[in-house]
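Structure record follows, encoded as structure tokens.
Rule-based calculations on the coordinates, nothing more; no lab input. What you see is a predicted model; the values in this text were computed from it and never measured. Here the Cβ positions follow ideal geometry from the backbone for every residue, glycine too, while neighbour counts run over all protein chains shown.
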Amino acid sequence: MNNDKKSLNWECPLPELDFDVITLGHGSGGLLTNKLLDSGVFDLLSNEYLDRRHDGAFLPGGLAFTTDSFVVSPIFFPGGNIGELAINGTVNDLAMCGAIPKYLSLSFILEEGLPVAQFWEVLVSIRKACAMADVMVVTGDTKVVERGKGDQIFVNTTGIGQVHSKAQIDPGRVAAGDKLLVSGNLAAHGIAILSVREGLAFESDILSDTRPLNGVVERVLDRFGEGIKLFRDPTRGGVATALNEIARDTRLGVEIRQRDLPLDDQVNSACEILGLDPLYVANEGIFLAWVDAAIADECLAFLRETEEGSQAACIGEMVAAHPGKVIMQSSIGGRRVVNMLPGEQLPRIC
């Protein structure tokens, strides 16, 4: 260690917090998660790459880099399982950086007693998901813990990709007047998980929307380039939390229209029955895009011609008013503040 590093102050007193222990809510992706990260990770480990607080890091050489861990319960759910969810989630985080995913690492923590047949099914789904996203698993690790020390299987993935030559993804480019597009129906993943976890039955099957988004994102960037300001995938904490994060980071206001939110009828009915707001329910196969108003209509039409974006909609815009806040115009004409998810709505969702 050189003298400069020796002279650094390595004493790091615990900051003043309004919580003493970690709760499930700290993993929600919402307000508690942000408090935990703001008071710990982002402050203590601050650097030029981490401070961008994006879905991945932008590295020298035009590379994007991301990592994620998946602890979903149950590990098999309508429309998918933890294996393909892990691949798709990591691929999508790279796509949200405007990158073309190339290589992944894949690590397992397996609990003693996990049936080999289930592990094999997860592996097969991983192979299929990699083929669909055109990525390769090139390294990894496997650990086994004692029975009762895990929950069947946890998966960690890391991904690296090449940033698209036309991509200029940066919250700093978002401006008042930019339109906000969403690529598909909200809340399907969270409701699919809940239906299995709680043994709920609906009139028709509700399937998770887990899918790779890199293909459609690449085509959008090919066509519209710098007109695309920002991408986000609204996973934990849902659309509401993603919008609040961008409002905070851009110091602009967000206005959305309830009537324009794309929702499957069955998912909407399930949310009403369960008392859930679909804005806060996790998604795994849609993205939000902030686009220049001049190309918004053309971009929306383009998305609707794709399989991944057939249900795409323009749900709002960025405004100079009420900076840092998200305001929704309700279907009956009122307006209300849409806050960040305060705690844990659906634990172990991804």
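Figures for the structure shown
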| quantity | calculated |
| --- | --- |
| Of S331, L288, A301, farthest towards positive along the dipole that unit charges on Lys, Arg, Asp, Glu beta carbons give the stretch 233-350 | S331 |
| Whole-angstrom Cα spans of the stretch 171-337 along principal axes, big to small | 45, 35, 25 |
| Unit charges at the beta carbon, dipole of the stretch 56-163: most positive-side option, G150, S105, P60 | P60 |
| Unit charges on C-beta of K, R, D, E only; dipole of the stretch 56-163, Debye | 160 |
| Kirkwood hydrodynamic radius over Cα pairs of the stretch 56-163, then Stokes diffusion coefficient at 10 °C and 1.306 mPa s, in µm²/s | 113 |
| Likely footprinting exposure, R147, R223, fewest C-beta neighbours within 10 Å first | R147, R223 |
| Three-way shape call for the stretch 240-309 based on the alpha-carbon gyration tensor, with the a/c threshold at 1.5 | oblate |
| Out-of-range pairs (alpha-carbon distance over 24 Å; input K35/K179; K35/K149; K128/K229; K102/K128) | K35/K179; K35/K149; K128/K229 |
| Global form of the stretch 124-235, assessed from the alpha-carbon gyration tensor, a/c cut-off 1.5 | oblate |
| Built amide H within the under 5 Å cut-off of K102, gap 5+ | I160, G161, Q162 |
| Cα centroid of the stretch 106-126 to Cα centroid of the stretch 247-299, whole Å | 34 |
| Residues T210, T67, sorted so that the one with the fewest Cβ neighbours within 10 Å comes first | T67, T210 |
| Convex hull volume per residue in cubic angstrom - Cα atoms of the stretch 194-257 | 156 |
| Computed E for S46/S310 - FRET, C-beta separation, R0 51 angstrom, nearest 0.05 | 0.80 |
| Simple Cβ-charge dipole of the chain, Lys/Arg +1 and Asp/Glu -1, about Cα centre, in debye nearest 20 | 400 |
